[in-house]
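Working notes, structure below.
The values are calculated or read from the model by the stated rules, or taken from the named source; none is laboratory data. Just so we're clear, the structure is a prediction, and the values are computed from it rather than from any experiment. Counting neighbours? That spans all protein chains shown, and the Cβs are built from the backbone with ideal geometry, glycine included.
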Amino acid sequence: MFKVIITTSLTLLVAFASCQTPVNQNTTTTQPNKKPMETSYNKTDAEWKKELTPEQYEVLRLKGTERPGTGVYLNHKEKGFYTCAGCGTELFSNEQKFDSHCGWPSFDGELGGGDRVKKIKDFSHGMIRTEIVCAKCGGHLGHIFDDGPTATGQRYCVNSLSLGFKHAAKDSSAKK
Ligand SMILES: [Zn+2]
């Protein structure tokens with residue numbers, strides 16, 4: 001009898017564990033993982049593949065996530081504007097960047113009137129989060145959380161691979 005219970009528990013454990021590996025599977029229904037998103041931005045998937053590095057393509061077009069602590073802009077402190085790596089839209093300024101210790105560049109606000117970064121409910125990986133994408137080209141940026149330590153209370157957690165950078169001094173036409 002005891003052995004039967006043990007065997008049953010083991011079987012259940014294995015079954016449970018096999019349900020815990022949703023990452024990079026094509027079985028998810030809440031998000032078109034691994035399937036390039038469609039946007040109104042006038043660029044084909046082949047064009048994106050040609051323009052972006054494989055790593056940028058994975059993050060921007062397939063909603064990937066760079067490994068924490070590896071991004072080039074994580075500890076970047078220069079003055080200027082962080083742009084979308086897909087289309088060049090200025091999304092954040094260095095004044096909005098703060099050190100969140102979460103492993104990805106973090107910002108407490110965005111440039112413009114809230115029309116440059118689009119927020120989308122994301123139910124992937126068993127979590128309820130808010131995904132942020134570039135409003136112009138639809139490129140995946142990261143996620144936004146409302147646990148920010150600054151006055152805005154917001155934490156835009158962004159992949160470095162989704163970003164470019166424009167030095168403030170070198171670009172006098174930069175928009176506020
Ligand atoms: Zn963009």
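Numerical summary
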| item | result |
| --- | --- |
| Residues of the stretch 70-92 that turn out to be of a type in the set (Gly, Ala, Ser) and within 16 Å of the ligand (Cβ to nearest atom), as a count | 3 |
| Criterion: buried (at least 16 other Cβ atoms within 10 Å of the Cβ), within 16 Å of the ligand (Cβ to nearest atom) and of a type in the set (Gly, Ala, Ser) - qualifying residue of 164, 109 | 164 |
| Test for residue 138: is it modelled with pLDDT of 95 or more and surrounded by fewer than 20 Cβ atoms within 10 Å (Cβ to Cβ) | no |
| Hey, residue 65 away from the ligand (no atom under 13 Å from the Cβ), within 20 Å of residue 129 (Cα to Cα) and of a type in the set (Val, Ile, Thr) or not | yes |
| Any pair with Cβ under 6 angstrom, 6 or more apart, that starts in the stretch 56-72 at a residue that is under 18 Å from residue 82 (Cα atoms) and ends at one that is of a type in the set (Gly, Ala, Ser) and within 16 Å of the ligand (Cβ to nearest atom) | 56/85; 59/162; 60/86; 60/139; 60/162; 71/160; 72/160 |
| Residues satisfying the stated conditions in the stretch 50-62, i.e. away from the ligand (no atom under 15 Å from the Cβ) and within 16 Å of residue 165 (Cβ to Cβ) | 53 |
| Within the stretch 68-159, strands (runs of 3 or more DSSP E) holding 1 or more residues that are over 24 Å from residue 53 (Cβ atoms) | 90-93, 117-122, 129-134, 140-145, 155-158 |
| The stretch 113-145 - residue that is in contact (Cβ under 8 Å) with a residue 24 or more places away in the chain and on the phi > 0 side of the Ramachandran plot and, of those, nearest to the ligand (Cβ to nearest atom) | 138 |
| Number of positions in the stretch 146-158 that are of a type in the set (A, V, I, L, M) and more than 16 Å from the ligand (Cβ to nearest atom) | 1 |
| The one condition in (1) of a type in the set (D, E, K, R); (2) at pLDDT 95 or above; (3) within 16 Å of the ligand (Cβ to nearest atom) that residue 175 fails to fulfil | (2) |
